[in-house]
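**Student:** Provided herewith is a single structure, encoded as structure tokens, for subsequent inquiry.
Values in this text are rule-based calculations from the coordinates and carry no lab data. What you see is a predicted model, and the numbers here were worked out from it, not measured in a lab. Counting neighbours? That spans all protein chains shown, and the Cβs are built from the backbone with ideal geometry, glycine included.
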Amino acid sequence: MADGWPLVDDRPHAVVIGSGFGGLAAAVRLGARGWRVTVLERLDQPGGRARVHRQDGFTFDAGPTIVTAPHLFEELWTLAGRRMADDVTLVPVDPFYRIRFHDGSTFDCSTDAEAMRAQVRRLSPSDLDGYERFLAFSKELCRVGFEELGAKPFSRVSDMARIAPELVRLKAYRSVHALVAGFVKDERLRQALSFHPLFVGGNPFRASSLYALIAWLERRWGVHYVMGGIGRLVEGLAGLVRGLGGAVRLNAEVERILVENGRATGVKLASGEMIRADVVVSNADSGFTYSRLLAGETRRRWNDQKLNKSSYSMSLFVWRFGTRKHFAELPHHLILMGPRYRGLLDDIFPGSASPRTFRSICTGRQRPTRRSRRKAATGSMCSRRSRTCSAAPTGRRRPSPIAKGSRGSSTRPSCGASSARSSLQRSRRR
Ligand SMILES: Cc1cc2nc3c(=O)[nH]c(=O)nc-3n(C[C@H](O)[C@H](O)[C@H](O)COP(=O)(O)OP(=O)(O)OC[C@H]3O[C@@H](n4cnc5c(N)ncnc54)[C@H](O)[C@@H]3O)c2cc1C
């Protein structure tokens with residue numbers, strides 16, 4: 001129990017499994033609504049995929065490094081009656097990232113509309129008009145797909161049926177690459193405007209064109225680093241949970257969810273401890289939740305048969321390097337496109353042959369520190385200490401649903417912050 005809260009707490013009790021962004025966000029929302037919340041995390045630190053590794057004086061973000069929709073986090077601080085700026089400093093990064101194509105040409109993405117037009121003009125002047133039309137389309141996708149539908153649950157077929165006409169109007173049945181190809185002709189531009197599903201382990205040639213909303217999302221809210229690393233955001237959220245009288249318990253692995261008469265009534269930890277709860281929220285991966293934490297329970301929808309038929313988003317392999325050298329020529333976020341874009345993706349994604357090369361797509365990221373803040377804002381290199389560089393080749397075809405380090409398929413924009421629904425999306429068939 002946090003300081004300032006009574007010893008006898010008669011609020012209804014909610015248990016949240018997992019302290020990733022989704023779990024912490026759910027815990028803040030429940031706490032703000034008057035629940036006594038206990039977050040149970042099996043690891044020795046909070047954050048899940050957003051946890052932090054420390055070595056030789058360097059701090060490495062294990063997973064996410066950039067925040068694309070900061071207002072979703074702001075909302076959590078507001079619900080808790082606090083100001084995000086008091087706990088976390090966000091720094092806009094401009095350009096967000098540089099894409100370098102195999103022919104040596106580059107494309108810098110930023111919030112600056114004129115700079116973006118200049119980039120398009122440089123690569124393919126005849127595509128400028130198509131680019132403008134694509135951006136207008138992306139804006140509309142963002143309005144509908146992110147602002148309107150982003151917070152709505154789609155747990156019933158009727159929910160999907162209701163929005164089907166809108167999805168058809170927005171051509172959601174097409175792939176992102178096919179949609180973009182309808183607007184611009186230059187293959188490099190097509191890649192630059194359509195690669196975003198890769199952020200969440202999706203194939204641009206198969207993922208719904210709804211992902212094209214990211215182009216506008218980034219333009220609208222920008223891309224941000226968290227000063228001190230993403231761990232600061234995790235610490236801030238855990239602080240909100242505690243401030244609302246909740247607890248975040250580490251090294252507390254949930255073995256199973258207790259169910260009575262079809263209702264979750266608590267959890268049993270691996271240590272044998274039982275914790276009763278009025279509501280249980282699982283933000284562990286959904287496949288794991290249904291197959292392990294609810295093993296043996298009658299599950300009408302996500303039964304074993306359906307789970308076995310589901311495919312999961314891919315895992316990735318991350319290399320982290322620490323260096324004290326200053327690489328002035330490197331932008332904060334560099335994406336290298338190899339000569340075999342489509343071929344590589346065909347190799348990697350399910351239904352294709354084994355991957356032949358892992359080298360074509362990788363990212364290099366540097367995180368700003370306090371000293372490098374001004375440089376971060378202008379997109380140049382970060383300072384000497386505490387830098388993160390990660391290369392992220394992708395390539396497992398059918399990963400285990402519980403593989404850590406898999407990107408998960410919660411939309412990158414929400415970063416799992418708006419609710420705990422992301423884990424459900426993760427098990428959807430691609
Ligand atoms: C390399 C990489 C880079 C990424 N980059 C970005 C980025 O730049 N921007 C961005 O927005 N997103 C990024 N993402 C995606 C983002 O990290 C995830 O969408 C988000 O962190 C997922 O949060 P989550 O809460 O849904 O799940 P998780 O973070 O996976 O949280 C689940 C938690 O549940 C815990 N748990 C599981 N089982 C149990 C159990 N039985 N008992 C107790 N606890 C349990 C786990 O230990 C974990 O802490 C990236 C992901 C990766 C891997």
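**Student:** For a footprinting-style exposure proxy, rank 28, 280, 8 by other Cβ within 10 Å, fewest first.
**Tutor:** 8, 280, 28
**Student:** What length, rounded to one decimal in nm, is gained on full extension from residue 279 through to residue 336, with 0.36 nm per residue of separation minus their alpha-carbon distance?
**Tutor:** Full-extension gain reported as 16.0 nm.
**Student:** How about residue 268: which aspartates and glutamates have a C-alpha closer than 16 Å to its C-alpha, ignoring those fewer than 8 places off in the same chain?
**Tutor:** Reachable aspartates and glutamates: 41, 253, 255, 260, 278, 297.
**Student:** Can you figure out the FRET efficiency of residue 10 with residue 154, using R₀ = 22 Å and their beta-carbon distance, to the nearest 0.05?
**Tutor:** That gives a FRET efficiency of 0.05.
**Student:** Give me the extension gain from residue 205 to residue 118: residue separation times 0.36 nm, minus the current Cα-Cα distance, reported in nm with one decimal.
**Tutor:** Stretched out fully, the residue 205 to residue 118 stretch lengthens by 28.7 nm.
**Student:** Also, quick follow-up: With every atom except the alpha carbons ignored, what do you get for Rg and Dmax of the range 112-221, in angstroms?
**Tutor:** Every Cα atom of the range 112-221 included, Rg and Dmax give 14.3, 47 Å.
**Student:** Same structure, new question: In nm, to one decimal, how far is the modelled label at residue 327 from the one at residue 143, with both set 7 Å along Cα→Cβ?
**Tutor:** Going from the residue 327 label point to the residue 143 one covers 4.1 nm.
**Student:** How do 41, 235 rank when sorted from fewest to most other Cβ atoms within 10 Å of their own Cβ?
**Tutor:** 235, 41
**Student:** Then there is this: Once you have the Cα-Cα distance between residue 173 and residue 259, take 0.36 nm times their residue separation minus that, and quote the gain in nm to one decimal.
**Tutor:** 27.1 nm
**Student:** For a paramagnetic label modelled at 7 Å from the Cα of residue 306 toward its Cβ, which residues of the range 143-174 fall within the zone defined by backbone nitrogen distances under 17 Å?
**Tutor:** From the range 143-174, the list is 153-161.
**Student:** Would you list, by chain and number, the aspartates and glutamates whose Cα falls below 18 Å from the Cα of residue 152, excluding same-chain residues fewer than 8 positions away?
**Tutor:** 75, 140, 166
**Student:** I would also like to ask the following. Out of the range 100-190, which trypsin sites (Lys or Arg not before Pro) are coil in DSSP terms and have no more than 12 other C-beta atoms within 10 Å?
**Tutor:** Those satisfying the criteria are 156, 185.
**Student:** What's the exposure ranking of 68, 111, going from fewest to most Cβ atoms within 10 Å?
**Tutor:** Ranked by crowding around the Cβ, least crowded first: 111, 68.
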